[in-house]
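Okay, so here's the structure we're looking at.
The values are calculated or read from the model by the stated rules, or taken from the named source; none is laboratory data. Since the model is a prediction, treat every value here as computed from it, not as a measurement. Glycine gets a Cβ as well: all are built from the backbone with ideal geometry, and neighbour counts include every protein chain shown. Areas reflect the complete protein model, heavy atoms only, side chains present, ligands, DNA and RNA absent. Shrake-Rupley method; radii C 1.70, N 1.55, O 1.52, S 1.80 Å.
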Amino acid sequence: MFRNLLCLSLVAALFVQCARNQKSAGSQQTTVSQTSGQALFTTNCASCHALETEEIGPRLGGVTSLLPADQLIAFIKNPNAFIEKGDKRTIALAARYKMVMPPFDFLKEEEIKSILTYLDQESKSRDLKPLVVETDEVTAKPERLAAPITKSSLKVGLEDFVTMPFSSEKMPRTRLATMRSSPHKDGALYVSDQRGFIYRIADGQVSEFMNIRPLVDNFINEPGLGTGLGSFAFHPDYLQNGLIYITHTEAFKGKAADNVYSDTIKVAMQWVISEWKVDDVKSPVFKGKRRELLRINVPGAVHGVQDIGFKPEVSKGSPEYGLLYIGIGDGSSTISGYPQLCHTLKSPLGTILRIDPLGSNSKNGNYGIPADNPFVKEKGDGVYSEIYAYGFRNPHRMAWYDGKLFSAEVSESNFEEINVVVPGGDYGWNVREGNFGISFKDLKKVYKVTEPDTLKYIRPFALYDHYDGSAISGGYVYEGRLEALKNKYICGDIVSGKLFFVNIDKNLSDPSVHELTVTYQGKNTSLTELTGAKRVDVRIEYDRQTGEMYIMTKPDGKIRRVVNATL
(Lines give C-alpha, C1' and ligand atoms only; values in the text may rest on other atoms or scores of the structure.)
Protein backbone atom coordinates (compact mmCIF):
# COMPACT_ATOMS: atom_id res chain seq x y z
CA MET A 1 0.00 0.00 0.00
CA PHE A 2 2.80 2.40 0.84
CA ARG A 3 4.40 1.89 -2.54
CA ASN A 4 1.11 2.56 -4.27
CA LEU A 5 0.60 5.67 -2.21
CA LEU A 6 3.98 6.99 -3.12
CA CYS A 7 3.52 6.29 -6.74
CA LEU A 8 0.19 7.98 -6.83
CA SER A 9 1.10 10.90 -4.73
CA LEU A 10 4.21 11.49 -6.65
CA VAL A 11 2.19 11.49 -9.80
CA ALA A 12 -0.34 13.70 -8.11
CA ALA A 13 1.82 16.21 -6.51
CA LEU A 14 5.40 15.41 -5.86
CA PHE A 15 7.22 16.85 -8.69
CA VAL A 16 6.30 20.33 -9.27
CA GLN A 17 7.12 23.27 -7.20
CA CYS A 18 3.68 24.70 -7.73
CA ALA A 19 1.72 21.48 -7.77
CA ARG A 20 0.25 22.40 -4.51
CA ASN A 21 -3.02 20.75 -4.27
CA GLN A 22 -3.21 17.83 -6.51
CA LYS A 23 -5.70 15.76 -4.68
CA SER A 24 -9.33 15.37 -5.11
CA ALA A 25 -10.78 12.26 -3.71
CA GLY A 26 -13.79 11.42 -1.80
CA SER A 27 -16.99 9.98 -2.85
CA GLN A 28 -19.48 12.46 -1.50
CA GLN A 29 -18.75 15.66 -3.32
CA THR A 30 -21.01 18.62 -3.32
CA THR A 31 -21.27 21.18 -6.07
CA VAL A 32 -19.93 23.77 -3.67
CA SER A 33 -16.89 21.64 -2.92
CA GLN A 34 -16.24 21.02 -6.58
CA THR A 35 -16.56 24.70 -7.44
CA SER A 36 -14.21 25.81 -4.68
CA GLY A 37 -11.87 22.96 -5.60
CA GLN A 38 -11.72 24.16 -9.18
CA ALA A 39 -10.84 27.66 -8.03
CA LEU A 40 -8.12 26.32 -5.73
CA PHE A 41 -6.82 24.07 -8.48
CA THR A 42 -6.66 27.02 -10.88
CA THR A 43 -4.81 29.12 -8.35
CA ASN A 44 -2.36 26.55 -7.08
CA CYS A 45 -1.99 23.77 -9.62
CA ALA A 46 -2.89 24.80 -13.14
CA SER A 47 0.41 26.48 -13.91
CA CYS A 48 2.15 23.11 -13.69
CA HIS A 49 -0.54 20.46 -14.11
CA ALA A 50 -3.36 19.51 -16.41
CA LEU A 51 -5.83 16.67 -16.11
CA GLU A 52 -5.22 15.11 -19.51
CA THR A 53 -1.68 16.06 -20.54
CA GLU A 54 1.74 16.03 -18.96
CA GLU A 55 3.06 19.53 -18.47
CA ILE A 56 5.70 20.73 -16.02
CA GLY A 57 4.38 18.03 -13.73
CA PRO A 58 2.44 14.81 -14.26
CA ARG A 59 -1.13 14.79 -15.46
CA LEU A 60 -3.65 14.45 -12.67
CA GLY A 61 -6.65 12.89 -14.37
CA GLY A 62 -7.73 9.72 -12.56
CA VAL A 63 -5.34 10.28 -9.69
CA THR A 64 -8.02 9.92 -7.03
CA SER A 65 -8.92 6.40 -8.14
CA LEU A 66 -5.58 5.08 -6.98
CA LEU A 67 -5.69 5.93 -3.29
CA PRO A 68 -8.07 7.09 -0.57
CA ALA A 69 -8.27 10.79 0.12
CA ASP A 70 -6.69 10.56 3.59
CA GLN A 71 -3.52 9.08 2.16
CA LEU A 72 -3.33 11.69 -0.56
CA ILE A 73 -3.86 14.43 1.98
CA ALA A 74 -1.08 13.04 4.17
CA PHE A 75 1.30 13.09 1.25
CA ILE A 76 0.43 16.64 0.24
CA LYS A 77 1.08 17.85 3.75
CA ASN A 78 4.45 16.10 4.01
CA PRO A 79 5.77 14.52 0.79
CA ASN A 80 9.26 14.00 2.14
CA ALA A 81 7.95 11.63 4.78
CA PHE A 82 7.11 9.25 1.93
CA ILE A 83 10.03 10.06 -0.34
CA GLU A 84 12.60 9.21 2.29
CA LYS A 85 11.36 5.62 2.34
CA GLY A 86 13.18 5.04 -0.94
CA ASP A 87 10.29 3.77 -3.01
CA LYS A 88 11.55 2.79 -6.47
CA ARG A 89 8.66 4.46 -8.23
CA THR A 90 9.44 7.62 -6.37
CA ILE A 91 13.05 7.44 -7.50
CA ALA A 92 11.95 6.89 -11.09
CA LEU A 93 9.65 9.91 -10.97
CA ALA A 94 12.31 12.02 -9.28
CA ALA A 95 14.70 11.14 -12.07
CA ARG A 96 12.09 12.22 -14.60
CA TYR A 97 10.82 15.47 -13.10
CA LYS A 98 13.98 16.39 -11.19
CA MET A 99 12.23 18.34 -8.47
CA VAL A 100 10.37 17.49 -5.30
CA MET A 101 7.26 19.26 -4.12
CA PRO A 102 7.67 21.08 -0.80
CA PRO A 103 5.16 20.32 1.94
CA PHE A 104 1.92 22.28 1.74
CA ASP A 105 0.96 21.95 5.36
CA PHE A 106 -0.33 25.52 5.35
CA LEU A 107 -3.32 24.41 3.27
CA LYS A 108 -6.41 23.56 5.26
CA GLU A 109 -7.59 19.99 5.03
CA GLU A 110 -10.96 21.20 3.71
CA GLU A 111 -9.18 23.02 0.89
CA ILE A 112 -7.24 19.93 -0.10
CA LYS A 113 -10.40 17.82 0.01
CA SER A 114 -12.21 20.25 -2.26
CA ILE A 115 -9.40 20.03 -4.80
CA LEU A 116 -9.58 16.25 -4.64
CA THR A 117 -13.32 16.46 -5.17
CA TYR A 118 -12.83 18.58 -8.26
CA LEU A 119 -10.21 16.20 -9.69
CA ASP A 120 -12.35 13.18 -8.91
CA GLN A 121 -15.49 14.50 -10.55
CA GLU A 122 -13.65 15.84 -13.59
CA SER A 123 -11.86 12.53 -14.03
CA LYS A 124 -15.12 10.60 -13.88
CA SER A 125 -16.95 12.92 -16.24
CA ARG A 126 -14.14 12.68 -18.79
CA ASP A 127 -13.41 9.01 -18.11
CA LEU A 128 -9.76 9.77 -17.35
CA LYS A 129 -7.50 6.95 -16.26
CA PRO A 130 -4.60 7.43 -13.86
CA LEU A 131 -1.08 7.85 -15.13
CA VAL A 132 0.74 4.54 -15.38
CA VAL A 133 4.14 4.62 -13.71
CA GLU A 134 6.77 2.23 -14.97
CA THR A 135 8.16 -0.04 -12.25
CA ASP A 136 11.48 -0.83 -13.91
CA GLU A 137 14.41 -1.25 -11.58
CA VAL A 138 16.04 2.01 -10.56
CA THR A 139 19.30 1.18 -8.87
CA ALA A 140 21.31 4.36 -9.21
CA LYS A 141 20.99 8.06 -9.79
CA PRO A 142 21.09 9.15 -13.42
CA GLU A 143 24.39 10.59 -14.58
CA ARG A 144 25.01 14.23 -13.93
CA LEU A 145 24.64 16.37 -17.01
CA ALA A 146 26.66 19.35 -15.79
CA ALA A 147 29.54 19.99 -13.44
CA PRO A 148 28.40 20.18 -9.81
CA ILE A 149 28.12 23.59 -8.20
CA THR A 150 31.04 23.98 -5.83
CA LYS A 151 30.61 25.33 -2.32
CA SER A 152 32.66 28.51 -2.09
CA SER A 153 34.33 29.83 1.04
CA LEU A 154 32.77 33.20 0.23
CA LYS A 155 30.10 34.34 2.69
CA VAL A 156 27.57 37.12 2.23
CA GLY A 157 26.00 38.80 5.22
CA LEU A 158 22.39 39.93 5.07
CA GLU A 159 20.52 42.46 7.15
CA ASP A 160 16.83 43.32 7.22
CA PHE A 161 16.06 46.26 5.00
CA VAL A 162 12.27 46.49 4.88
CA THR A 163 9.16 44.33 5.07
CA MET A 164 6.73 44.90 2.21
CA PRO A 165 2.95 45.05 2.65
CA PHE A 166 1.27 41.66 2.42
CA SER A 167 -0.85 41.45 -0.72
CA SER A 168 -2.63 38.26 0.33
CA GLU A 169 -3.65 36.46 3.47
CA LYS A 170 -2.57 33.21 1.85
CA MET A 171 0.89 32.03 0.93
CA PRO A 172 2.88 33.50 -0.54
CA ARG A 173 2.09 36.65 1.42
CA THR A 174 3.65 38.77 -1.30
CA ARG A 175 4.66 38.23 -4.90
CA LEU A 176 7.64 40.57 -5.04
CA ALA A 177 9.06 40.58 -8.54
CA THR A 178 11.13 43.57 -9.65
CA MET A 179 13.13 46.39 -8.07
CA ARG A 180 14.18 49.58 -9.85
CA SER A 181 16.34 52.50 -8.80
CA SER A 182 14.59 55.83 -8.47
CA PRO A 183 14.75 57.92 -11.65
CA HIS A 184 15.08 60.93 -9.37
CA LYS A 185 18.41 59.60 -8.04
CA ASP A 186 17.20 60.41 -4.55
CA GLY A 187 18.03 57.06 -2.96
CA ALA A 188 14.49 55.73 -3.21
CA LEU A 189 13.66 52.31 -4.64
CA TYR A 190 10.59 51.03 -6.47
CA VAL A 191 9.41 47.44 -6.04
CA SER A 192 6.59 45.61 -7.79
CA ASP A 193 4.24 42.94 -6.49
CA GLN A 194 2.71 40.71 -9.15
CA ARG A 195 -0.70 41.19 -7.61
CA GLY A 196 -0.76 44.62 -9.24
CA PHE A 197 1.22 47.00 -7.05
CA ILE A 198 4.32 49.14 -7.38
CA TYR A 199 5.67 50.49 -4.10
CA ARG A 200 8.11 53.28 -3.32
CA ILE A 201 10.68 52.77 -0.56
CA ALA A 202 12.26 55.91 0.87
CA ASP A 203 14.04 56.37 4.21
CA GLY A 204 12.90 52.92 5.31
CA GLN A 205 9.24 53.69 4.69
CA VAL A 206 7.06 51.88 2.14
CA SER A 207 4.26 53.66 0.32
CA GLU A 208 2.04 52.68 -2.58
CA PHE A 209 3.11 54.38 -5.79
CA MET A 210 0.73 52.59 -8.13
CA ASN A 211 -2.06 50.01 -8.18
CA ILE A 212 -2.86 48.95 -11.73
CA ARG A 213 -5.76 46.62 -10.85
CA PRO A 214 -8.54 49.23 -11.10
CA LEU A 215 -6.83 50.80 -14.11
CA VAL A 216 -6.73 47.69 -16.32
CA ASP A 217 -9.75 45.76 -17.57
CA ASN A 218 -9.65 42.01 -16.92
CA PHE A 219 -6.40 42.12 -14.94
CA ILE A 220 -5.45 38.69 -13.54
CA ASN A 221 -2.54 37.46 -11.45
CA GLU A 222 -3.30 33.74 -11.50
CA PRO A 223 -2.97 30.96 -12.42
CA GLY A 224 0.74 30.73 -12.93
CA LEU A 225 3.80 31.73 -10.97
CA GLY A 226 4.67 34.56 -13.35
CA THR A 227 1.28 36.10 -14.10
CA GLY A 228 0.10 39.50 -12.93
CA LEU A 229 2.27 42.60 -13.02
CA GLY A 230 5.33 41.03 -14.57
CA SER A 231 7.93 43.78 -14.76
CA PHE A 232 8.34 47.53 -15.09
CA ALA A 233 10.96 50.03 -16.19
CA PHE A 234 11.32 53.80 -16.10
CA HIS A 235 12.21 55.44 -19.39
CA PRO A 236 15.76 56.84 -19.11
CA ASP A 237 14.31 60.30 -19.83
CA TYR A 238 11.55 59.86 -17.22
CA LEU A 239 12.15 63.21 -15.56
CA GLN A 240 11.28 64.89 -18.83
CA ASN A 241 8.65 62.60 -20.34
CA GLY A 242 7.18 60.84 -17.27
CA LEU A 243 7.02 57.45 -19.02
CA ILE A 244 6.92 54.06 -17.29
CA TYR A 245 6.65 50.70 -19.07
CA ILE A 246 4.76 47.85 -17.41
CA THR A 247 3.83 44.31 -18.41
CA HIS A 248 0.71 42.60 -17.09
CA THR A 249 -1.68 39.74 -17.81
CA GLU A 250 -5.35 39.91 -18.74
CA ALA A 251 -8.04 37.28 -19.02
CA PHE A 252 -8.79 36.61 -22.68
CA LYS A 253 -12.03 38.36 -23.62
CA GLY A 254 -11.64 38.39 -27.38
CA LYS A 255 -9.37 41.40 -27.75
CA ALA A 256 -7.24 41.22 -30.88
CA ALA A 257 -3.59 40.43 -30.22
CA ASP A 258 -0.50 41.34 -32.23
CA ASN A 259 0.45 37.70 -32.67
CA VAL A 260 -1.92 35.29 -34.35
CA TYR A 261 -2.07 31.52 -34.25
CA SER A 262 -4.66 28.92 -35.18
CA ASP A 263 -8.04 29.34 -33.53
CA THR A 264 -7.91 25.62 -32.73
CA ILE A 265 -5.35 26.50 -30.05
CA LYS A 266 -6.80 28.09 -26.96
CA VAL A 267 -5.76 31.50 -25.71
CA ALA A 268 -5.07 30.98 -22.02
CA MET A 269 -4.46 34.66 -21.33
CA GLN A 270 -2.92 37.75 -22.87
CA TRP A 271 0.26 39.56 -21.96
CA VAL A 272 0.17 43.31 -22.48
CA ILE A 273 3.07 45.76 -22.62
CA SER A 274 1.92 49.30 -21.91
CA GLU A 275 3.32 52.79 -21.64
CA TRP A 276 2.08 54.78 -18.65
CA LYS A 277 2.54 58.54 -18.58
CA VAL A 278 2.50 60.19 -15.18
CA ASP A 279 0.96 63.65 -14.92
CA ASP A 280 3.54 64.92 -12.44
CA VAL A 281 6.96 63.26 -12.22
CA LYS A 282 7.43 64.72 -8.74
CA SER A 283 4.34 63.06 -7.34
CA PRO A 284 4.91 60.12 -4.95
CA VAL A 285 1.67 58.55 -6.24
CA PHE A 286 0.95 57.72 -9.87
CA LYS A 287 -1.77 59.61 -11.64
CA GLY A 288 -1.85 59.55 -15.40
CA LYS A 289 -2.88 57.60 -18.46
CA ARG A 290 -1.97 54.41 -20.32
CA ARG A 291 -1.15 53.60 -23.92
CA GLU A 292 -0.95 49.99 -25.11
CA LEU A 293 2.13 49.01 -27.11
CA LEU A 294 1.82 45.29 -27.67
CA ARG A 295 -0.65 42.50 -26.85
CA ILE A 296 0.43 38.85 -26.99
CA ASN A 297 -1.69 35.70 -26.90
CA VAL A 298 -0.25 32.71 -25.04
CA PRO A 299 -1.62 29.15 -24.92
CA GLY A 300 -0.64 28.53 -21.28
CA ALA A 301 -0.13 30.13 -17.90
CA VAL A 302 3.66 29.87 -17.59
CA HIS A 303 6.71 31.28 -19.40
CA GLY A 304 5.09 34.59 -20.28
CA VAL A 305 6.58 38.06 -20.61
CA GLN A 306 9.42 38.21 -18.13
CA ASP A 307 11.86 41.06 -17.61
CA ILE A 308 11.88 44.37 -19.47
CA GLY A 309 14.53 47.04 -19.32
CA PHE A 310 16.66 49.70 -20.94
CA LYS A 311 20.40 49.30 -21.34
CA PRO A 312 21.86 51.40 -18.52
CA GLU A 313 24.33 54.26 -18.75
CA VAL A 314 23.68 55.05 -22.41
CA SER A 315 24.21 58.66 -23.43
CA LYS A 316 21.21 60.51 -24.80
CA GLY A 317 22.66 60.94 -28.28
CA SER A 318 23.40 57.26 -28.74
CA PRO A 319 21.27 55.14 -31.15
CA GLU A 320 20.82 52.72 -28.21
CA TYR A 321 19.26 55.37 -26.00
CA GLY A 322 15.64 54.68 -25.04
CA LEU A 323 15.39 51.23 -26.64
CA LEU A 324 13.32 48.79 -24.62
CA TYR A 325 14.28 45.13 -24.32
CA ILE A 326 11.43 42.69 -23.64
CA GLY A 327 12.09 39.11 -22.54
CA ILE A 328 9.28 36.75 -23.59
CA GLY A 329 9.01 33.07 -22.72
CA ASP A 330 7.47 30.48 -25.00
CA GLY A 331 4.07 31.01 -23.38
CA SER A 332 3.78 27.29 -22.47
CA SER A 333 3.59 26.53 -26.18
CA THR A 334 6.09 23.68 -26.19
CA ILE A 335 4.94 21.94 -23.06
CA SER A 336 1.31 22.31 -24.14
CA GLY A 337 1.99 20.52 -27.41
CA TYR A 338 2.34 23.49 -29.78
CA PRO A 339 6.10 23.69 -30.40
CA GLN A 340 5.52 25.41 -33.73
CA LEU A 341 4.48 28.59 -31.93
CA CYS A 342 8.03 29.38 -30.84
CA HIS A 343 11.62 29.07 -32.07
CA THR A 344 10.69 30.95 -35.19
CA LEU A 345 11.13 34.50 -36.41
CA LYS A 346 7.40 34.57 -37.15
CA SER A 347 6.38 34.58 -33.50
CA PRO A 348 7.32 36.76 -30.51
CA LEU A 349 7.15 33.72 -28.21
CA GLY A 350 10.52 32.59 -26.89
CA THR A 351 12.34 35.78 -27.84
CA ILE A 352 13.95 38.94 -26.57
CA LEU A 353 12.47 41.91 -28.41
CA ARG A 354 14.16 45.28 -28.89
CA ILE A 355 11.86 48.19 -29.68
CA ASP A 356 11.72 51.97 -29.65
CA PRO A 357 8.61 52.71 -27.58
CA LEU A 358 8.53 56.28 -28.91
CA GLY A 359 8.61 55.19 -32.56
CA SER A 360 5.77 54.18 -34.84
CA ASN A 361 7.03 51.93 -37.65
CA SER A 362 5.81 48.66 -36.12
CA LYS A 363 2.97 46.73 -37.73
CA ASN A 364 0.46 48.12 -35.24
CA GLY A 365 2.00 51.61 -35.31
CA ASN A 366 2.32 51.75 -31.52
CA TYR A 367 6.12 51.62 -31.30
CA GLY A 368 9.22 51.67 -33.45
CA ILE A 369 11.59 49.00 -34.72
CA PRO A 370 15.24 50.08 -34.61
CA ALA A 371 16.95 50.11 -38.00
CA ASP A 372 19.89 48.11 -36.65
CA ASN A 373 17.81 45.24 -35.27
CA PRO A 374 19.30 41.98 -36.59
CA PHE A 375 16.27 40.77 -38.54
CA VAL A 376 15.10 44.04 -40.07
CA LYS A 377 16.18 42.87 -43.52
CA GLU A 378 14.97 39.29 -43.09
CA LYS A 379 12.76 38.30 -46.00
CA GLY A 380 9.43 36.53 -45.71
CA ASP A 381 5.92 37.32 -44.58
CA GLY A 382 5.24 37.49 -40.88
CA VAL A 383 8.81 38.02 -39.69
CA TYR A 384 8.98 39.96 -36.42
CA SER A 385 11.70 42.54 -36.99
CA GLU A 386 11.37 43.41 -33.31
CA ILE A 387 13.27 40.21 -32.43
CA TYR A 388 16.76 40.80 -31.06
CA ALA A 389 17.47 37.14 -30.21
CA TYR A 390 15.36 33.99 -29.99
CA GLY A 391 15.29 30.34 -28.95
CA PHE A 392 14.41 30.96 -25.28
CA ARG A 393 12.09 28.99 -23.03
CA ASN A 394 11.85 31.48 -20.18
CA PRO A 395 14.33 34.40 -20.13
CA HIS A 396 13.72 35.18 -16.49
CA ARG A 397 15.92 38.22 -15.91
CA MET A 398 18.20 40.45 -17.99
CA ALA A 399 21.25 42.41 -16.85
CA TRP A 400 23.97 44.39 -18.60
CA TYR A 401 27.64 44.46 -17.69
CA ASP A 402 30.64 45.67 -19.68
CA GLY A 403 28.42 46.10 -22.73
CA LYS A 404 27.18 42.50 -22.55
CA LEU A 405 23.59 41.42 -22.02
CA PHE A 406 23.17 38.49 -19.62
CA SER A 407 19.92 36.55 -19.51
CA ALA A 408 19.02 33.84 -17.01
CA GLU A 409 17.03 31.04 -18.64
CA VAL A 410 14.65 28.88 -16.60
CA SER A 411 14.87 25.62 -18.52
CA GLU A 412 12.67 22.53 -18.70
CA SER A 413 13.74 19.54 -16.59
CA ASN A 414 17.49 19.26 -16.74
CA PHE A 415 19.36 22.57 -16.73
CA GLU A 416 19.31 26.18 -15.62
CA GLU A 417 21.24 28.52 -17.88
CA ILE A 418 23.04 31.86 -17.96
CA ASN A 419 23.22 33.16 -21.51
CA VAL A 420 25.19 36.00 -23.03
CA VAL A 421 22.80 37.45 -25.58
CA VAL A 422 24.06 38.63 -28.95
CA PRO A 423 22.05 40.23 -31.75
CA GLY A 424 20.48 37.61 -33.98
CA GLY A 425 21.45 34.75 -31.70
CA ASP A 426 19.49 31.47 -31.68
CA TYR A 427 19.67 29.90 -28.22
CA GLY A 428 18.11 26.63 -29.24
CA TRP A 429 14.87 26.14 -27.33
CA ASN A 430 12.86 24.01 -28.16
CA VAL A 431 15.34 21.65 -29.78
CA ARG A 432 18.16 22.29 -27.31
CA GLU A 433 18.32 22.43 -23.52
CA GLY A 434 21.68 23.26 -22.03
CA ASN A 435 24.29 21.67 -24.29
CA PHE A 436 22.02 18.75 -25.13
CA GLY A 437 19.33 17.99 -27.64
CA ILE A 438 15.68 17.62 -26.65
CA SER A 439 12.75 15.99 -28.41
CA PHE A 440 9.12 17.06 -28.52
CA LYS A 441 8.23 13.43 -27.82
CA ASP A 442 9.57 13.63 -24.26
CA LEU A 443 10.59 17.02 -22.93
CA LYS A 444 11.87 15.53 -19.68
CA LYS A 445 14.78 13.76 -21.37
CA VAL A 446 17.76 15.10 -23.25
CA TYR A 447 20.30 13.42 -25.49
CA LYS A 448 23.89 14.10 -26.39
CA VAL A 449 24.34 16.10 -29.55
CA THR A 450 26.71 14.49 -31.99
CA GLU A 451 26.48 16.83 -34.94
CA PRO A 452 28.49 20.06 -34.83
CA ASP A 453 25.96 22.74 -34.05
CA THR A 454 27.98 25.39 -32.27
CA LEU A 455 27.56 27.74 -35.21
CA LYS A 456 23.79 27.22 -35.38
CA TYR A 457 22.82 27.39 -31.70
CA ILE A 458 24.52 29.52 -29.10
CA ARG A 459 25.35 27.47 -26.04
CA PRO A 460 24.93 28.77 -22.49
CA PHE A 461 27.83 30.65 -20.97
CA ALA A 462 27.19 28.87 -17.66
CA LEU A 463 24.69 26.31 -16.41
CA TYR A 464 23.86 23.89 -13.63
CA ASP A 465 21.74 20.79 -13.56
CA HIS A 466 18.80 19.90 -11.38
CA TYR A 467 20.85 18.18 -8.74
CA ASP A 468 21.79 21.67 -7.55
CA GLY A 469 18.52 23.53 -8.10
CA SER A 470 15.35 23.66 -10.13
CA ALA A 471 14.73 27.21 -11.38
CA ILE A 472 17.29 29.98 -11.74
CA SER A 473 16.56 33.43 -10.40
CA GLY A 474 18.53 35.75 -12.64
CA GLY A 475 20.76 38.35 -11.11
CA TYR A 476 23.41 40.97 -11.76
CA VAL A 477 27.14 41.44 -11.99
CA TYR A 478 28.09 43.13 -8.75
CA GLU A 479 29.92 46.46 -9.04
CA GLY A 480 29.45 47.84 -5.52
CA ARG A 481 31.69 48.55 -2.55
CA LEU A 482 32.25 44.93 -1.41
CA GLU A 483 35.54 43.89 -2.99
CA ALA A 484 34.95 40.16 -2.54
CA LEU A 485 31.83 40.32 -4.73
CA LYS A 486 33.12 42.50 -7.54
CA ASN A 487 32.97 41.10 -11.06
CA LYS A 488 30.72 38.26 -9.96
CA TYR A 489 27.37 37.49 -11.53
CA ILE A 490 25.16 36.84 -8.50
CA CYS A 491 22.10 34.69 -9.04
CA GLY A 492 20.10 32.12 -7.11
CA ASP A 493 17.67 29.24 -7.22
CA ILE A 494 14.06 30.37 -6.96
CA VAL A 495 12.78 27.40 -4.99
CA SER A 496 15.61 26.55 -2.58
CA GLY A 497 16.82 30.11 -2.14
CA LYS A 498 20.46 29.11 -2.57
CA LEU A 499 22.68 31.91 -3.81
CA PHE A 500 25.28 31.33 -6.52
CA PHE A 501 27.95 33.27 -8.38
CA VAL A 502 29.97 33.05 -11.58
CA ASN A 503 33.24 34.96 -11.99
CA ILE A 504 33.07 37.40 -14.89
CA ASP A 505 36.08 38.67 -16.83
CA LYS A 506 36.32 40.33 -20.23
CA ASN A 507 36.85 37.01 -22.01
CA LEU A 508 34.19 35.10 -20.03
CA SER A 509 36.83 32.47 -19.41
CA ASP A 510 35.35 30.77 -16.33
CA PRO A 511 31.81 29.34 -16.57
CA SER A 512 31.95 27.44 -13.27
CA VAL A 513 29.13 28.08 -10.80
CA HIS A 514 29.80 28.43 -7.07
CA GLU A 515 27.49 28.56 -4.05
CA LEU A 516 27.63 31.37 -1.51
CA THR A 517 27.14 30.88 2.21
CA VAL A 518 24.48 33.15 3.70
CA THR A 519 25.00 34.71 7.12
CA TYR A 520 22.60 36.72 9.24
CA GLN A 521 23.50 38.43 12.50
CA GLY A 522 26.90 36.78 12.30
CA LYS A 523 25.67 33.20 11.98
CA ASN A 524 25.55 30.86 9.03
CA THR A 525 21.99 30.33 7.86
CA SER A 526 19.88 29.86 4.74
CA LEU A 527 16.99 31.64 3.12
CA THR A 528 14.71 28.69 3.87
CA GLU A 529 15.54 29.18 7.53
CA LEU A 530 15.17 32.95 7.41
CA THR A 531 11.84 32.85 5.59
CA GLY A 532 10.47 29.78 7.35
CA ALA A 533 9.32 28.54 3.95
CA LYS A 534 10.28 25.50 1.92
CA ARG A 535 9.73 27.44 -1.29
CA VAL A 536 11.71 30.65 -0.94
CA ASP A 537 10.79 32.40 -4.22
CA VAL A 538 13.99 34.41 -4.16
CA ARG A 539 14.73 37.43 -6.35
CA ILE A 540 18.13 39.12 -6.58
CA GLU A 541 18.05 42.88 -7.17
CA TYR A 542 20.69 45.54 -7.61
CA ASP A 543 20.62 49.32 -7.25
CA ARG A 544 23.08 50.62 -9.85
CA GLN A 545 23.00 54.09 -8.33
CA THR A 546 24.32 53.02 -4.94
CA GLY A 547 25.90 49.66 -5.73
CA GLU A 548 23.73 47.95 -3.11
CA MET A 549 22.45 44.42 -3.69
CA TYR A 550 19.16 43.18 -2.25
CA ILE A 551 17.57 39.77 -1.75
CA MET A 552 13.77 39.66 -1.97
CA THR A 553 11.66 36.72 -0.75
CA LYS A 554 7.95 36.33 -1.42
CA PRO A 555 6.71 34.20 1.51
CA ASP A 556 7.68 36.68 4.22
CA GLY A 557 7.71 39.84 2.09
CA LYS A 558 11.21 40.68 3.26
CA ILE A 559 13.82 42.64 1.41
CA ARG A 560 17.29 42.01 2.85
CA ARG A 561 20.40 43.96 1.97
CA VAL A 562 23.82 42.42 1.34
CA VAL A 563 26.05 44.25 3.82
CA ASN A 564 29.29 42.29 3.82
CA ALA A 565 31.18 39.65 1.91
CA THR A 566 34.06 37.74 3.45
CA LEU A 567 36.20 34.69 2.78
- [ ] Output the residue which, of all residues in region 99-129 that are within 20 Å of Arg59 (Cβ to Cβ) and open to solvent by 50 Å² or more (accessible area, probe 1.4 Å), is modelled with the lowest pLDDT.
- [x] Val100
TODO: Go over the candidates Gly254, Gly242, Gly204, Gly228 one by one and state the one that is on the phi > 0 side of the Ramachandran plot, touching a Ser or Thr at 6+ places or on another chain (Cβ under 8 Å) and not acidic (Asp, Glu).
DONE: Gly228
- [ ] Could you pull out every one of the strands (runs of 3 or more DSSP E) wholly within region 432-506 that has 3 or more residues that are within 19 Å of Lys155 (Cβ to Cβ) and either open to solvent by less than 20 Å² (accessible area, probe 1.4 Å) or charged (D, E, K, R) (or both)?
- [x] 488-493, 499-503
TODO: Check off (1) of a type outside the set (S, T, N, Q); (2) in contact with a Phe, Trp or Tyr (Cβ under 8 Å, 6 or more places away or on another chain); (3) farther than 28 Å from Met179 by Cβ for Gly474 and give me the number that stays unchecked.
DONE: (3)
Open item on the list: Every residue in region 195-216 that is assigned to a strand (DSSP E or B), among the aliphatic types (A, V, I, L, M) and open to solvent by 50 Å² or more (accessible area, probe 1.4 Å), please.
Closed with: none
- [ ] Hand me the list of strands (runs of 3 or more DSSP E) wholly inside region 512-567 holding 2 or more residues that are open to solvent by 20 Å² or more (accessible area, probe 1.4 Å).
- [x] 514-520, 523-525, 558-566
Open item on the list: Conditions first: (1) touching a residue at least 60 places away in the same chain (Cβ under 8 Å); (2) assigned to a strand (DSSP E or B); (3) hydrophobic (A, V, I, L, M, F, W, C). Met171 passes all but one, so which condition is the exception?
Closed with: (2)
TODO: Hey, can you tell me all the residues within region 145-165 that are open to solvent by 50 Å² or more (accessible area, probe 1.4 Å) and either touching a helix residue (DSSP H, G or I) at 6+ places or on another chain (Cβ under 7 Å) or hydroxyl-bearing (Ser, Thr, Tyr) (or both)?
DONE: Thr150, Ser153, Thr163
Open item on the list: Residues to consider are Thr519, Thr531, Thr525; find the one that is in contact with a Gly (Cβ under 6 Å, 6 or more places away or on another chain) and modelled with pLDDT of 95 or more.
Closed with: Thr519
Task: Within region 295-308, considering residues that are in contact with a strand residue (DSSP E or B) (Cβ under 7 Å, 6 or more places away or on another chain) and open to solvent by less than 10 Å² (accessible area, probe 1.4 Å), the one nearest to Leu215 (Cα to Cα) - done: Arg295
TODO: Output yes when any residue across region 66-80 is among the basic types (Lys, Arg) and at pLDDT below 85, and no when none is.
DONE: yes
TODO: Considering (1) within 30 Å of Tyr190 (Cβ to Cβ); (2) charged (D, E, K, R); (3) without any contact (Cβ under 8 Å) to a residue 40 or more places away in the chain, say which one Asp505 fails and leave the rest.
DONE: (1)
Task: Residues of region 413-431 satisfying the condition of being among the β-branched types (Val, Ile, Thr) and assigned to a strand (DSSP E or B) - done: Ile418, Val420, Val421
Open item on the list: Suppose we filter Ile355, Ile387 for residues that are free of Cβ contacts under 8 Å to residues at least 60 places away in the same chain, among the β-branched types (Val, Ile, Thr), open to solvent by less than 10 Å² (accessible area, probe 1.4 Å) and over 22 Å from Ile472 (Cβ atoms); which single one remains?
Closed with: Ile387
